[in-house]
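One structure is given here, and the rest of the page talks about it.
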Amino acid sequence: MFRHVSVNLYIMRFDFGEPTRHSHGIKAEDAERLTMGRKSRNPGNINKPADAEKTILEHSENIEGTVTSSPAPQSTIEPVGTIDPDDSHRRPSQGTAAPRRDRRAKGAVRAAHARPAENQQFTGGPASDTASNAVPNSSAASSASAALSPTTPRQWLIFVALTVVFSLIAYIAYGFIIYGKVLLPWQDNTPTVTVGVGSAPKNLNLAASSSDPTSQALLGNVYQPLLQREQTKNIPAQTSPLLKSWSISSNGLEYTFNLKDNVYFSNERKMDANDVVWSLRNGIRKKYPGYDELKDAQSISVSGDSTVKITLSSPKPHLAWLLTGRVGAVYSRAEGGAKDSSAVGTGPYTVKSFEQGRKLQLKARIDHQYRAANTNDVNFAYYSDADAALKDIRSGKIDVYIPPQPVAASAVSQAQKDSSLVADTSDTSTRVALAFNGSADSKFSEQRAREAYRDIVSKPTLINGLGYSASPITGPIPTVDPGYEDLSIRYPQDISGARQKLWYFNFTSSTLVYPRSMGPKIGELLKAQFAAAGQKITVKMLDDAEYHTQVEVKKKFDMTLVRYTSGQDLGTIVDPNYFIGFTDAQTEADWAAAQSSRALSQYYANITKTAERITDKAALAWLYQENAAVIRRNTISAVKTTSPASYLPLSAGLQKKK
């Protein structure tokens, strides 16, 4: 039959709409031509030209009547190419006039081709020699919409399958463009390192928090500060992940930061100078911890698209160090800065999961910015019991354990004896001092009395008795800070000299008050050492609130123990309003010179001089400097930091070795 021949002119089109028979007309003469061509190839199929006329008449009957539904066809057929409706003047090849019904069929053909094939619909009724049966545009749009809507289960299955396939292709293409490799949704071959620590962050708001656990987890990992610190010293490094360069003007008043061009937040938004300026100004405006150091700045401004300038009214040489910490952290202004339960930063990690006080998981970024880093994912585990943590790291349940300070020396020695573990120790800025009440009405307002008590204490004996991983220290500057100087030779233990000084002042007793959180042992050990020199010491431990009121506010104490945890904090001790009440004109002058230093080298020299003066005047008896420890399995790389309790740059170490 000719109808079978005509099918060869059509292509298949998926039809998700109402199952409808699409009948498109064809010219009789074209049908005859095709028939004759088919006949020449297969003479047995069509033997008479009359068969073509019969077929066209049958086809026209379908066009004349109402289009009827067929049983859920899976595809419709559309013509390949275009049949010119204006060819109606042509006659069939036999040369005879077309019957009336043929003319009506041709009229229907013209009407059918008067609009795009996809939108052809017929409302029924007799065909005409004009295109009067064409559906208005709104009906055509409705029909097209219906044709795209799956209705049967099989059509839905095809639709869903195609959606999945195209989505997967888009996902793979995106991953290749952004990450430089084919990344399938179910593939995540990033290794995970589990780090055991002592305390969990209460929230993720680094800007508003002064909490060490928050800083430990986020600073340098999710949020990056404007300046980076050296690995083993508390000084700003010349290089930074965010900067091409930075500089301080010769008068010490202007800090210039030239940003790198292609630094992105984890939400794929590019960081610019406005983000930096907004972060600093927002911290000042909301009075976040540490930002008061910038409140007197003349301006914090943008210069071009990638330069930030901070202009001061007077030199502030420790500003660069402040910008290596949470004060320098850069937040996305579009995100509104730091949030309690989410975090968007420029660092090599994003927060994958966070449950307050219980769970924190960091996901390594593998986008174009960190494509070559090969950083591991990190899960934090929290331990209140050091023995439980050591048991878990031996079994391989965790990969790293960072014991809280002060670190037990026994924990370090046990780890060093285990061939599967490595214990790295390092100096920190945390140190403990015996502070004297220097107020005018205190017995320790006399310098010689302070010197005598300082000279009694055996620091190695004290450290061994406490069982801490620590080192003796004599001056106020820790070994990791700029300006450090070893003053131990100047002020050795001298019990006999101390006895002579105390005899002169008729000193026989004193009171030691300190926070209960430091434990009873240190009080007992100091009491015993002072007793050996003929001094009777009364020891009292107070809760934090009571200690704050009695000692720091009312200043009712003879001696107390103070634990200093921050680097470059000499200004706290020098401050005449500090609760220990130490005042000295020369010390204040030396510190003023340090504060007005225009260059960092000049500043470091001046704080060394100030520290010497404080030590000479025996404002405090410095006891020891705590060591930090990072215990890791031997399959994990080392990390260098002066304060792992508050600054733990995970991408710089603590990665699984390859």
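When the Debye formula is applied to the Cα atoms of region 409-511, each taken as the same point scatterer, what base-10 log of I(q)/I(0) results at q = 0.10 Å⁻¹?
The Cα Debye sum returns log10 ratios of -0.41.
How big is the C-alpha Rg of region 514-612 next to the rule-of-thumb value 2.2 N^0.38 Å, as a ratio?
Numbers: Rg = 17.0 Å, N = 99, 2.2 N^0.38 = 12.6 Å.
Expressed relative to 2.2 N^0.38 Å, the Cα Rg reads 1.35.
Give me the net charge for the shell around R632: Cβ to Cβ below 14 angstrom, other residues only, Lys and Arg +1, Asp and Glu -1. Intermediate results must be reported in sequence, preceding the final value.
Values: positive: R394, K397, R633, K640, K656, K657; negative: D392, D399, D418, D424.
Net of charged neighbours comes to +2.
Mind jotting down the distance between the C-alpha centroids of region 301-345 and region 495-519, whole Å?
Value for the Cα centre distance between the two parts: 46 Å.
What do you reckon, how do R598, R394, R365, R633 stack up by accessible area (1.4 Å probe), largest on top? Intermediate results must be reported in sequence, preceding the final value.
Working: R598 140, R394 95, R365 15, R633 50 Å².
The ordering from most to least exposed comes out as R598, R394, R633, R365.
Could you please report the charge total around Q231, scoring K, R as +1 and D, E as -1 over all other residues with beta-carbon less than 15 angstrom from its beta-carbon? Numbers along the way, then the final one.
On the way: positive: R229, K233, K640; negative: E230, D424, D427, D481.
Neighbourhood net charge equals -1.
Kindly identify region 447-507 as rounded, prolate or oblate by the Cα gyration tensor criterion: order the square roots of the eigenvalues as a ≥ b ≥ c, call it rounded if a/c is under 1.5, otherwise compare a/b with b/c, prolate if a/b is larger, else oblate. Don't skip to the end; give the middle numbers.
Working: a/c = 2.91, a/b = 1.57, b/c = 1.85.
It is oblate, given that a/c is not under 1.5 and a/b is not larger than b/c.
What whole-number distance in Å separates the alpha-carbon centres of region 415-431 and region 613-650?
11
In vacuo Debye scattering of region 316-387, one point per C-alpha: log10 I(q)/I(0) at q = 0.11, 0.27 Å⁻¹?
Those come out to -0.41, -1.19, one per q.
Residues with amide H under 5 Å of V639's amide H, sequence separation 5 or more or different chain, H placed in the peptide plane at 1.01 Å from N; which?
L654
Please list, ordered by chain and number, the residues whose modelled amide H lies under 5 Å from the amide H of A381; skip anything fewer than 5 residues away on the same chain.
V195, G196, V197
If ligands, DNA and RNA are left out, what is the accessible area of Y383 with a 1.4 Å probe, given in Å² to the nearest 10?
Accessible surface of Y383 is approximately 30 Å².
Anything over 24 Å Cα to Cα? Flag those among K286/K554; K555/K617; K233/K359; K501/K527; K443/K617, in the order listed.
Details: K286/K554 30 Å; K555/K617 20 Å; K233/K359 31 Å; K501/K527 19 Å; K443/K617 15 Å.
Violating the 24 Å limit, Cα to Cα: K286/K554; K233/K359.
Report the label-to-label distance for R490 and K309 in nanometres (one decimal), using points 7 Å from each Cα along the Cα→Cβ vector.
4.2
Can you give the FRET efficiency to the nearest 0.05 for L162 and Y264, using r as the Cβ-Cβ distance and R₀ = 41 Å?
E(calc), rounded to 0.05, equals 0.80.
Which cross-chain or sequence-distant (5 or more) residues have an amide H under 5 Å from the amide H of D558, H modelled 1.01 Å from N in plane?
T511, V513
May I have the pair-distance distribution P(r) for region 451-593, computed from all Cα-Cα distances with 5 Å bins from 0 and rounded to whole percent?
So the P(r) values, bin by bin, are 2, 8, 15, 18, 22, 20, 12, 3, 0.
Highest mean first, what order results for 251-261, 221-231 on Cβ atoms within 10 Å? Display every interim value, and only then the final one.
Values: 251-261: 16.9, 221-231: 22.8.
Ranked from most to least packed, the peptides come out as 221-231, 251-261.
For region 640-650, take each phi angle, set θ = phi - 60°, evaluate the Karplus expression 6.51 cos²θ - 1.76 cosθ + 1.60, and give the result in whole Hz per residue in order, putting x for glycine and proline.
10, 7, 7, 7, x, 6, 10, 9, 10, x, 5
For the cross-link pairs K417/K640; K352/K657; K260/K640; K316/K540; K339/K363; K459/K556, which exceed 28 Å when the distance is taken from alpha carbon to alpha carbon? Display every interim value, and only then the final one.
Details: K417/K640 22 Å; K352/K657 23 Å; K260/K640 25 Å; K316/K540 40 Å; K339/K363 18 Å; K459/K556 26 Å.
Beyond 28 Å: K316/K540.
The values are calculated or read from the model by the stated rules, or taken from the named source; none is laboratory data. Every value quoted in this text rests on a predicted model; they were computed, and no experiment measured them. Using ideal geometry, Cβ is built from the backbone for each residue, glycine included, and neighbour counts are taken over all protein chains shown. Heavy atoms of the whole protein, side chains included, go into the accessibility calculation; ligands, DNA and RNA do not. Shrake-Rupley method; radii C 1.70, N 1.55, O 1.52, S 1.80 Å.
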